[in-house]
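What follows is one structure encoded as structure tokens, with my remarks underneath.
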Amino acid sequence: MENIIEVKNLRKTYKSRGRTTEAVRGISFSVKKGEIFGILGVNGAGKSTTLNIMIGLLSPTAGSIKIMGENFFHHESELKDKMNIATAYADLANNLTVYRNLKIYALMYNTPNHKKKIADLLDLFGISHLAHKWFGDLSAGEKTRVNLCKSLINDPEILLLDEPTASLDPSIAAHVRSTILDLQKSRKMTVVFTSHNMPEVEQMCNRVALLHKGSIYRIDSPKNLVAHHDAPDLEEVFIRLAKGEFEE
Amino acid sequence: MLRHVYEMWATFDRKFDIIFWPTIDLLIFGLLSIHVQKLSTQANLSGAIIGGLILWTLVYSVQRDISVSLLEDAWSRNLYNLFSTPLKAGEMLIGVMLLSIGKAIITVSFVTLLAWGLFGFKLFSVGPLIFFFIFNIFIFGWAFGCLTVSLIFRFGSKLQIFAWSLIALLYPISGVFYPLSILPGPLVSIAKILPLSYIFEGLREAIIIGKIPPASDLFIIMILNSIYLMLGIWAFMAGFRNAKNRGWFIHPS
């Protein structure tokens, strides 16, 4: 299978008040078309920074990203048309209804027949009844599901999900996971995924990159990672990673 | 742009901004101008004050709308989603510029009609020149709004007060209500590099003595505005790159 995403030597350094912080330290990885690729790491490991650079919200200090064979930074707008992102840490406009928020994003992506598309997505995530409610009045879990609708409004070929189920109760989180898996299978959508929920990662991801202090420690399938570390499950691998047991 | 139109339509405070303060300003300055007119022998002084106020309202609202549009998305934590779309910085800027035209037309039309109804002042009696002034106020307002946004991009939301207040630095030295000749020397030098001062001087002379400003003044207005607009757009784009480098669209604080 062809690589749809190629990240090479990606580096992000922040300088503030004379202090330098290296959030991402020269990471490289590639993702194949139709794959669900997980990025795991403790808070501050560089997961969200990596996703934010991949969607053009943050400039890297160095490195390159190729999306569908094109240099992302030279063709950012065209490539972002085929991508989307959902995160638990951003909102839509609070003073607008759910429907109007989604309509604005549908227009920005030139989504054909946006009325039907919005109705279908709201139905898919079980929130059709929220269409005419103010976004600012929704609960965290409802906002997360509206954000997921937004992330699918343009039928993206590449979907970036930053802790997409963080604020959902277990039953809704399970529904969201199965919905994303169904879409990924039916559309051959590529998904890059960050999460702290290890069973979720084991269930969803074909391969996982373990990120620690801005560097990639290992990339492998969840099954191989568990076997390689002689651990009972991925959660144990994650705990050892967080404790710094894999540091050289 | 549609997002801001919806927001304006849906929220009381956005509509309030467009109508309330311009009305209060007009009432205060309109009444003051009548009082001043009674003390003065100069004909149409009252009209010059009201005309100056209406055009200043335009300056204020155009520049404010450029930066407040961005701040509204920052307050909603919506910048993250907005800039993860194919939207380019230039497209966003054009959108808020068009929006500012729509909002300013509502504000100025309302205040102009009110000034006519309450004080008998007809802004458009100045003739076609008024359209030249209004067009150039839009250009300067956009340029100044871009500069304000660039500062917010660079230094963060702690400078958001600039969206409403930074333009006030130019209020006393733009000759909105009085001639530049009464300003202290150094301030005249600053006023001379502002297109606004030529616009307000020209408006006052057109209203009071019916004299059209010399072509050289109109030319200076256009040249200065071209320079300010280029500087404003450059500052906006540089600020945008800086904000993207710092991750401000992710954590707009």
Taking region B:60-77 as the region of interest, how many residues are within 11 Å of another protein chain (Cβ to nearest Cβ) and either modelled with pLDDT of 90 or more or more than 26 Å from the chain's Cα centre (by Cα) (or both)? 1
Between residues in region B:237-250 that are within 11 Å of chain A (Cβ to nearest Cβ) and residues that are open to solvent by 30 Å² or more (accessible area, probe 1.4 Å) and in a helix (DSSP H, G or I), which pairs lie under 6 Å by C-beta distance while being six or more apart or on different chains? B:N242/B:R154
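Has region B:151-168 got any residue that is of a type outside the set (A, V, I, L, M, F, W, C) and either open to solvent by less than 10 Å² (accessible area, probe 1.4 Å) or modelled with pLDDT of 95 or more (or both)? Please lay out each step first, then the result.
The initial filter retains those residues of region B:151-168 that are of a type outside the set (A, V, I, L, M, F, W, C), namely B:154, B:156-158, B:160, B:165.
Then keep just the ones that are either open to solvent by less than 10 Å² (accessible area, probe 1.4 Å) or modelled with pLDDT of 95 or more (or both); that gives B:156.
Yes; the residues of region B:151-168 include at least one that is of a type outside the set (A, V, I, L, M, F, W, C) and either open to solvent by less than 10 Å² (accessible area, probe 1.4 Å) or modelled with pLDDT of 95 or more (or both).
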Going by the conditions given, is B:S181 free of Cβ contacts under 8 Å to residues at least 12 places away in the same chain, farther than 25 Å from B:P214 by Cβ and surrounded by fewer than 19 Cβ atoms within 10 Å (Cβ to Cβ)? no
Taking first residues from region B:26-47 that are open to solvent by less than 70 Å² (accessible area, probe 1.4 Å) and second residues anywhere that are not in a helix (DSSP H, G or I), the pairs with Cβ under 6 Å that are 6 or more apart or on different chains are B:G47/B:F121
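Quick one: count up the residues across region A:208-225 that are outside any strand (DSSP E or B) and open to solvent by less than 20 Å² (accessible area, probe 1.4 Å).
Of the residues in region A:208-225, the ones outside any strand (DSSP E or B) are A:213-214, A:221-225.
So of that shortlist, the ones also open to solvent by less than 20 Å² (accessible area, probe 1.4 Å) come out as A:214, A:222, A:225.
Residues that pass the stated criteria total 3.
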Say whether the condition of being touching a residue at least 60 places away in the same chain (Cβ under 8 Å), within 10 Å of another protein chain (Cβ to nearest Cβ), open to solvent by less than 50 Å² (accessible area, probe 1.4 Å) and aliphatic (A, V, I, L, M) is met by at least one residue in region A:61-73. no
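Considering A:L107, A:L92, A:L96, which residue is within 11 Å of chain B (Cβ to nearest Cβ), within 25 Å of A:V176 (Cα to Cα), open to solvent by 40 Å² or more (accessible area, probe 1.4 Å) and of a type outside the set (S, T, N, Q)?
Within the list A:L107, A:L92, A:L96, the selection yields A:L107.
Condition check: under 15 Å from the mean Cα position of the chain (by Cα) and not acidic (D, E). Does A:L130 satisfy that? Full working, then the answer.
Working: under 15 Å from the mean Cα position of the chain (by Cα): no; not acidic (D, E): yes.
Against the criterion (under 15 Å from the mean Cα position of the chain (by Cα) and not acidic (D, E)), A:L130 does not qualify.
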Name the residue that is nearest to the other protein chains (Cβ to nearest Cβ), counting only residues in region B:1-43 that are within 30 Å of B:W75 (Cα to Cα) and not in a helix (DSSP H, G or I). B:T11
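Could you say whether any residue in region A:197-204 is of a type in the set (D, E, K, R), farther than 26 Å from A:Y105 by Cβ, surrounded by 16 or more Cβ atoms within 10 Å (Cβ to Cβ) and within 15 Å of the chain's Cα centre (by Cα)?
Quick first cut of region A:197-204, residues of a type in the set (D, E, K, R) only: A:200, A:202.
Going one step further and asking which of them are farther than 26 Å from A:Y105 by Cβ, we end up with A:202.
Now drop any that are not surrounded by 16 or more Cβ atoms within 10 Å (Cβ to Cβ), which leaves A:202.
Pick out the ones that are also within 15 Å of the chain's Cα centre (by Cα) and you get none.
For region A:197-204, residues of a type in the set (D, E, K, R), farther than 26 Å from A:Y105 by Cβ, surrounded by 16 or more Cβ atoms within 10 Å (Cβ to Cβ) and within 15 Å of the chain's Cα centre (by Cα): absent.
For the structure I just gave you, tell me whether A:D123 is in contact (Cβ under 8 Å) with a residue 24 or more places away in the chain and among the acidic types (D, E).
Details: in contact (Cβ under 8 Å) with a residue 24 or more places away in the chain: no; among the acidic types (D, E): yes.
It is false that A:D123 is in contact (Cβ under 8 Å) with a residue 24 or more places away in the chain and among the acidic types (D, E).
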Exactly one condition in (1) within 13 Å of another protein chain (Cβ to nearest Cβ); (2) in contact (Cβ under 8 Å) with a residue 12 or more places away in the chain; (3) in contact with a helix residue (DSSP H, G or I) (Cβ under 6 Å, 6 or more places away or on another chain); (4) surrounded by 19 or more Cβ atoms within 10 Å (Cβ to Cβ) is false for B:Y80; which is it? (3)
Name every residue in region A:20-59 that is part of a helix (DSSP H, G or I) and either open to solvent by 40 Å² or more (accessible area, probe 1.4 Å) or within 12 Å of chain B (Cβ to nearest Cβ) (or both), in order of residue number. A:S48, A:T49, A:L51, A:N52, A:I53, A:M54
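The values are calculated or read from the model by the stated rules, or taken from the named source; none is laboratory data. Model, not experiment: these values are computed from the prediction. Cβ coordinates were reconstructed from backbone atoms using ideal geometry, including for glycine residues, and neighbour counts include every protein chain displayed. With ligands, DNA and RNA removed, areas are computed over all heavy atoms of the protein, side chains included. Shrake-Rupley method; radii C 1.70, N 1.55, O 1.52, S 1.80 Å.
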